[in-house]
Amino acid sequence: MPNSQQAARRVKKAQSANMMNRSNRSKMRTSIKKFLVSVANKNIEEAKSLFVQVQKTLDTLASKRVIASNAASRYKKRLNAKLKAIVNAK
């Protein structure tokens, strides 16, 4: 229980930020899963368009500090390697 009005406001702001971060993280995971499904199905055109969306999502979350910038770079590197693998396999 907050002891002051300011502490009560901070609790409310922290809760709303937590909900937004949770929602954004969920969107990130969903977009990555969609990309991985299209890669598994070897749908190159769809995978390329989804990769652009995943990159944008990761960069946005990194700039908002929802995820670390190095984590975003690591995700992009690994997903790009998967995309290159199916493109080069054809």
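The values are calculated or read from the model by the stated rules, or taken from the named source; none is laboratory data. Quick caveat, the model's predicted, so the values are computed rather than measured. We place every Cβ from the backbone using ideal geometry, glycine too, and count neighbours over all the protein chains shown. When the accessible area is computed, the model is the full protein with side chains, heavy atoms only, and any ligands, DNA or RNA have been set aside. Shrake-Rupley method; radii C 1.70, N 1.55, O 1.52, S 1.80 Å.
For the reader, a short list of remarks on this structure follows.
- Filter pass, MET20 being open to solvent by 40 Å² or more (accessible area, probe 1.4 Å) and among the aliphatic types (A, V, I, L, M): yes
- Residues located in region 24-44, provided they are in contact (Cβ under 8 Å) with a residue 40 or more places away in the chain, surrounded by fewer than 17 Cβ atoms within 10 Å (Cβ to Cβ) and closer than 21 Å to LYS64 by Cβ: ASN24, ARG25
- Among the residues making up region 50-65, those that are within 21 Å of ILE86 (Cα to Cα), under 10 Å from the mean Cα position of the chain (by Cα) and surrounded by 15 or more Cβ atoms within 10 Å (Cβ to Cβ) are VAL54, GLN55.
- Candidates in region 1-41 are the residues that are touching a helix residue (DSSP H, G or I) at 6+ places or on another chain (Cβ under 7 Å) and either over 30 Å from PHE51 (Cα atoms) or among the aromatic types (Phe, Trp, Tyr) (or both); of these, the one that is modelled with the lowest pLDDT is PRO2.
- Residues of region 20-40 satisfying the condition of being touching a Ser or Thr at 6+ places or on another chain (Cβ under 8 Å) and of a type in the set (Ser, Thr, Tyr): SER31
- Being surrounded by 11 or more Cβ atoms within 10 Å (Cβ to Cβ), out of contact with any helix residue (DSSP H, G or I) (no Cβ under 6 Å at 6 or more places or on another chain) and at pLDDT 95 or above holds for only one residue in ALA68, ALA47, and it is ALA68.
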